[in-house]
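No lab work stands behind these numbers, since they all come straight from the coordinates. As the structure is a computational prediction, the values presented were derived from the model and not from experiment. Cβ coordinates were reconstructed from backbone atoms using ideal geometry, including for glycine residues, and neighbour counts include every protein chain displayed.
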């Protein structure tokens, strides 16, 4: 659930809101389960020794989950990117519905049970309403992938069963939308294309890794054959340098624009080197006419090498695939 043990933290704001809604509902149903299991262990429910042992195991799991919920609410941990896609907690939802059915038999007979269930189910339905609104609102952002959609659908089916049972006992109408209505707002993600095409990550990484060190010996040759004089705007090399710097600068700007709204990496990890590359590319032009011309070549080489580093860095982190 939380971003631990190497899993990435969920950063998309829309998915964070969705995860918070789902977690809030899971707190309610796991709390209901916990109280049921406690009654089983205390002997308040007819049960075998095997059933009581299973109840103890489930209570330990729920205790661990509640610790994680508490850590996230206090900001000590964040949601994992896999939280919304993982089917691990689905059985809690199904078990909660089964237990609510059993508790419903005591709804009219025991006022304390009725009051306790009423509070939990009202809060549960309020969270469900909030979740449905967020699903509809974020549908246009195209951030819900197929795995998340499948898990949400299965959980929402249980939600409808629970709220239908609740409204049946209250004699009220259940206005929560069905999943078919909610799913209409979720745009399909085009994921198949990237899986069907072979990844170019490793060829790009190796070609860049080989090409970048070649700049060093070549610059040494440039320096040794250079007249060590400043150039002028009448030199053909000046305009060649201007053309090269322009293309490098444009490439850096394209990288910045392309990655600005992506959340796979912290922004500083690619923005700092890309900015260095951009500055070196621009500086190479005035250096040609204000310093010995080889330093213009040096600045251009730095710009190219840093761009190569950025490409390898993004490829290693699964962005430039």
* To do: Assuming a ≥ b ≥ c are the square roots of the Cα gyration tensor eigenvalues, decide whether region 43-139 counts as rounded (a/c under 1.5), prolate (otherwise, with a/b larger than b/c) or oblate.
  => oblate
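Could you calculate the FRET efficiency of residue 104 with residue 8 from 1/(1 + (r/R0)^6), where r is the beta carbon distance between them and R0 is 41 Å, rounded to 0.05?
Values: r = 41 Å, r/R0 = 1.00.
Efficiency, rounded to the nearest 0.05: 0.50.
For residue 153 and residue 185, calculate 0.36 nm times their separation in residues minus their Cα-Cα distance, and state this gained length in nm to one decimal. Display every interim value, and only then the final one.
Details: separation 32, 0.36 × 32 = 11.52 nm, distance 1.31 nm.
10.2 nm is the gain from fully extending residue 153 to residue 185.
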* To do: Please give the peptides 44-51, 281-288 ranked by average Cβ packing (other Cβ atoms within 10 Å per residue), highest first, as a rough proxy for protection.
  => 281-288, 44-51
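Of 170, 88, how do they rank once you tally other Cβ atoms within 10 Å and put the fewest first?
Values: 170 13, 88 10.
By the 10 Å Cβ count, ascending, the order reads 88, 170.
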* Base-10 log of normalised Debye intensity for region 13-193 (one unit scatterer per alpha-carbon) at q = 0.11 Å⁻¹ -> -0.52
* Asked: Rounded to the nearest 0.05, what FRET efficiency is calculated for residue 64 and residue 291 with R0 set to 56 Å and r the Cβ-Cβ distance?
  -> 0.30
* Asked: Label residue 228 and residue 146 with points 7 Å out from Cα along Cα→Cβ: what is the distance between them in nm?
  -> 6.5 nm
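Could you list 138, 35 so that the one with the fewest beta carbons within 10 Å of its beta carbon is first and the one with the most is last?
Details: 138 20, 35 15.
Least to most surrounded, the residues fall as 35, 138.
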